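The structure under discussion appears below in the form of structure tokens.
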Amino acid sequence: MGSADSTTEVVLSAAAQPGVAPPPQFPTGFRSGRLRVRRWMRSYLRAADADPGEAASAAALSRFGLEPTVLRERIGDLDAATRAKLVLAAAWATGSEWLTFIDPFAGVPGHVRTGLRARLADLAAADDRGIVLSSTTLTDFIIAEAGVADVEKGELVAFGSLASVVTEPRGSLPAELTGVNIWSGLARKGWLSIGHSAVRARTEFDGKVFVTLPWRSAVVSLDEHDPAFTSAAVFEAIVVGLRDRGSAIQAKLSPVDTEMGLALDVDLADLAHLGGGGGDSTADTEADGAGVGTGYGILHPGLGEDLPALRRNVKVGTHVFVDVDTSALRAYSVE
């Protein structure tokens, strides 16, 4: 996992080793979609220095749920799921001990993705083959039994089990995938500090640390004196970005004064609660930090009592006030 350029470079480096199948990739550019699958697969197998024969190629297609008739199709006519199956089958047909893939499940619908990913892992285990793959989706890494490498800006940021990489993120992608802000911090004399910010917390660590804060561990309001604020470290920030993430609407905040606040991402609303989630509306809003009596989806009543008000009140450039739940700050050693 990591930045696309860096992970692609790592996969290609692995593919350059003896006995390793190169990652199957579809051509791009003018009229590339008109290329027949048979011609593409033959070209890939030649590049992989493999000649499995028609029977072995057909068997590889069958292992991933494809009929031999797919070879007559044009690449541009294939859906994302069929393309992914074809990529896996082509690599499998090489017979190589190690297979490499660049984001092989990209664009595949969730229910198909889960089954296809499991199929690849089961076949590799049964045939004692190794896999090196890149992905930007956290669930793809559950098949990475040997470990996950986080590579960002050409550097190995972290390596270990999936659990260790995501529970103590040391890079931006695992932090993004697990829904937390991440900063470098310093622990000294029982206190944790992040840069020059006034946001501080007690800690047992000493020295340089990483610090994380979940996207829903802050209260945001248009009112500096909102009664929902509980600390003395409320700071002013500017909304510098808005985006959708899953069912949530999220804001990127930049502090007006870096001596007081932090740059952080926060969830503003969760549209999964529009239907009430099948439960009591009060319970739903309280669980997400929204006040009793606010509209479904609202996480910060101080920004608007319902979604239309939130849309009117919060735009890029809006000034807001933020109170961080310092009890949710989590520190772990840089080492």
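Could you tell me how many of the residues in the stretch 181-200 are within 30 Å of Val148 (Cα to Cα), in a strand (DSSP E or B), in contact (Cβ under 8 Å) with a residue 60 or more places away in the chain and open to solvent by 30 Å² or more (accessible area, probe 1.4 Å)?
So the answer is 2.
Report the residue count in the stretch 119-148 for those that are modelled with pLDDT under 95 and exposed (fewer than 15 other Cβ atoms within 10 Å of the Cβ).
Counting residues in the stretch 119-148 that are modelled with pLDDT under 95 and exposed (fewer than 15 other Cβ atoms within 10 Å of the Cβ) gives 5.
Answer yes or no as to whether Asp288 is in contact with a strand residue (DSSP E or B) (Cβ under 7 Å, 6 or more places away or on another chain), open to solvent by less than 40 Å² (accessible area, probe 1.4 Å), of a type in the set (D, E, K, R) and at pLDDT 95 or above.
no
Quick one: in the stretch 87-97, of everything that is assigned to a helix (DSSP H, G or I) and not β-branched (Val, Ile, Thr), which residue is surrounded by the fewest Cβ atoms within 10 Å (Cβ to Cβ)?
Here the answer is Ala89.
Could you please give the count of residues in the stretch 149-159 that are over 19 Å from Val211 (Cβ atoms) and surrounded by 15 or more Cβ atoms within 10 Å (Cβ to Cβ)?
Count: 2.
Quick one: how many residues across the stretch 228-249 are under 22 Å from the mean Cα position of the chain (by Cα) and crowded, with 19+ Cβ neighbours inside 10 Å?
2
How many residues does the stretch 1-58 contain that are in contact with a strand residue (DSSP E or B) (Cβ under 7 Å, 6 or more places away or on another chain), at positive phi and basic (Lys, Arg)?
0
Scan the helices (runs of 4 or more DSSP H) fully inside the stretch 1-72 and keep the ones with 3 or more residues being of a type outside the set (Ser, Thr, Tyr), free of Cβ contacts under 8 Å to residues at least 12 places away in the same chain and open to solvent by 20 Å² or more (accessible area, probe 1.4 Å).
Those helices (runs of 4 or more DSSP H) span 37-47, 53-63.
Within the stretch 300-323, count every residue that is open to solvent by 70 Å² or more (accessible area, probe 1.4 Å), closer than 20 Å to Leu264 by Cα and not basic (Lys, Arg).
So the answer is 2.
State yes or no: is Ala84 open to solvent by less than 20 Å² (accessible area, probe 1.4 Å), among the hydrophobic types (A, V, I, L, M, F, W, C), free of Cβ contacts under 8 Å to residues at least 40 places away in the same chain and within 28 Å of Val166 (Cα to Cα)?
Yes; evaluated as a whole, the condition is true for this residue.
Give me the pairs: first residue in the stretch 324-335 and loosely packed, with under 14 Cβ neighbours inside 10 Å, second residue β-branched (Val, Ile, Thr) and modelled with pLDDT under 90, beta-carbon distance under 6 Å, and six or more apart or on different chains, which are they?
If the second residue must be β-branched (Val, Ile, Thr) and modelled with pLDDT under 90, no pairs are left.
If you scan the stretch 85-107, which residues turn out to be modelled with pLDDT under 95 and touching a helix residue (DSSP H, G or I) at 6+ places or on another chain (Cβ under 6 Å)?
Gly107
Pairs, please: C-beta under 7 Å, at least 6 apart or cross-chain, first residue over 13 Å from Leu138 (Cα atoms) and in the stretch 148-171, second open to solvent by 60 Å² or more (accessible area, probe 1.4 Å) and polar (S, T, N, Q)?
Within 7 Å, the pairs are Glu152/Ser172.
Restricting attention to the stretch 201-227, which residues are in a loop (DSSP other than H, G, I, E, B), open to solvent by less than 50 Å² (accessible area, probe 1.4 Å) and within 13 Å of Phe321 (Cβ to Cβ)?
Asp226
One residue is enough: does the stretch 261-274 have a residue meeting the conditions open to solvent by 30 Å² or more (accessible area, probe 1.4 Å), modelled with pLDDT of 95 or more and assigned to a loop (DSSP other than H, G, I, E, B)?
Among the residues of the stretch 261-274, at least one is open to solvent by 30 Å² or more (accessible area, probe 1.4 Å), modelled with pLDDT of 95 or more and assigned to a loop (DSSP other than H, G, I, E, B), which makes the answer yes.
The values are calculated or read from the model by the stated rules, or taken from the named source; none is laboratory data. These numbers come from a predicted model, not from an experiment. Here the Cβ is made from the backbone with ideal geometry for all residues, glycine too, and neighbour counts use every protein chain on show. Remember, those area values only see protein heavy atoms, side chains included, never the ligands or the DNA or RNA. Shrake-Rupley method; radii C 1.70, N 1.55, O 1.52, S 1.80 Å.
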